[in-house]
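J.: Below are the C-alpha cells for one structure; questions will follow.
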Amino acid sequence: MKVRLALAALLLTACSSPVPAPIPAQPHPFAPTQSPIHWIRTSGIARLASGQDVALPNVAQLVAVSRNGHRVAYIDDAGRYAALDLRTGQVRQLNAKLAGQIRWGEPHLAVSGDGALFATSPEATAETTIINFDTGETTIVKNVCRLYGVTASGVLGTRDCEGDSDLRWASPGKKPRVFEYLNRNDEPSLSPDGKFIAVRGFTLIDFATGEAVRNFPIPATGQWLDAYHLLAKTSNGYYAADIKTGSLTKLAVVAPPYETVLFGRWQ
C-alpha cells in the first residue's frame, strides 16, 4: 500500500509540474548571404544584412570582417585574437599573446583585401604579427603598433602605441617607408588593393607617390567596402561612395540604435 501511495504521489507531482518553456531556436550555422554583410557587435552573434543570425564561437568582441565577407576577426573569451571562416567554420588563433583592452579608435588588427592575411598587435606592444589564415605561416614586423592595412608586401601602421607617431609602411627586413605629415589623427585606411590611402577629410592619397590625388565632399568614412567604394554614413543611413565619381548608392542596412556595425561584401 505504501508503495502504491508513493507511486501515486510521484505521478501526481509529475502531472502538476509546469510545462517547460520551449528551447529557443539556435542561430543559423555558417552560410553566405547577399552583399553587403554587416556585423553587429553583440554577445557572440553576427547579424547578416539578410536578418540571419550566425553564431560565433567563444567571442568576446567582434573586431573586423574581411572585405570579401568570408572571414570575421574577433577577440575570443581568453583575450586573444582569432578569425573564423564562415564558409567552413574553421577557426584560427591569430596570436598567442593577450590582446589587452581594445579601445575604440585604437586599431590593433588589419585584414588584407582577400581575407588571407591578418595582422595583429597587442595593446601597447609595437610588434605586429602577420598570419596567413590558409597556411598558418607567421611573420613578425617590429616597431609597428596601430594598424591601418596589410598586404602580402607589408603593413601600414604607426611606430608608437602612444602619441601621434608617424604613419609608415613596414616590411620584414626592410627600412620602413614614412609618409610625411600623416599620423593616426588622419584616420588612415589602406584600400583593399593597396593602391590608395583614405584619410580624414575624405582625401585619397596615392600609395606609390604619397601625393593627394582626390578630394571629394561626401560623408565617407575610412572604411573600405571594396577597392572602389568607401563606406558613407548620413542621417538617412549607410551608402557606398564611389571613389572615382563621388556618387552615393544606398545600402539596405538597418542598424539598431547604439550598436556598432562592421561591413564586408560577399564575393
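J.: For LYS250, LYS175, write out the residues from largest to smallest accessible area, computed with a 1.4 angstrom probe and no ligands counted.
T.: Sorted by accessible area, descending: LYS175, LYS250.
J.: So which of LYS195/LYS244; LYS175/LYS244; LYS142/LYS233; LYS174/LYS195 end up more than 25 Å apart by C-alpha?
T.: From the list (LYS195/LYS244; LYS175/LYS244; LYS142/LYS233; LYS174/LYS195), the Cα-Cα distance tops 25 Å for LYS175/LYS244; LYS142/LYS233.
J.: Using 0.36 nm times the number of residues separating SER247 and ASP193, minus their current alpha carbon distance, what extension gain do you get?
T.: Length difference between fully extended and current span is 17.4 nm.
J.: Per residue, how much accessible surface does segment 119-267 expose to a 1.4 Å probe? Answer in Å², no decimals.
T.: On a per-residue basis, segment 119-267 sits at 49 Å².
J.: Follow-up. Using a simple spin-label model with points 7 Å from Cα along the Cα→Cβ vector, what separation in nm is obtained for THR125 and GLU137?
T.: 2.3
J.: Given a 1.4 Å probe and every protein chain left where it sits, what share in percent of the accessible area of segment 108-224 is carbon and sulfur?
T.: The C+S portion of the solvent-accessible surface of segment 108-224 is 47 percent.
The values are calculated or read from the model by the stated rules, or taken from the named source; none is laboratory data. Quick caveat, the model's predicted, so the values are computed rather than measured. Glycine also receives a Cβ, built like all others from the backbone with ideal geometry; neighbour counts cover every protein chain displayed. With ligands, DNA and RNA removed, areas are computed over all heavy atoms of the protein, side chains included. Shrake-Rupley method; radii C 1.70, N 1.55, O 1.52, S 1.80 Å.
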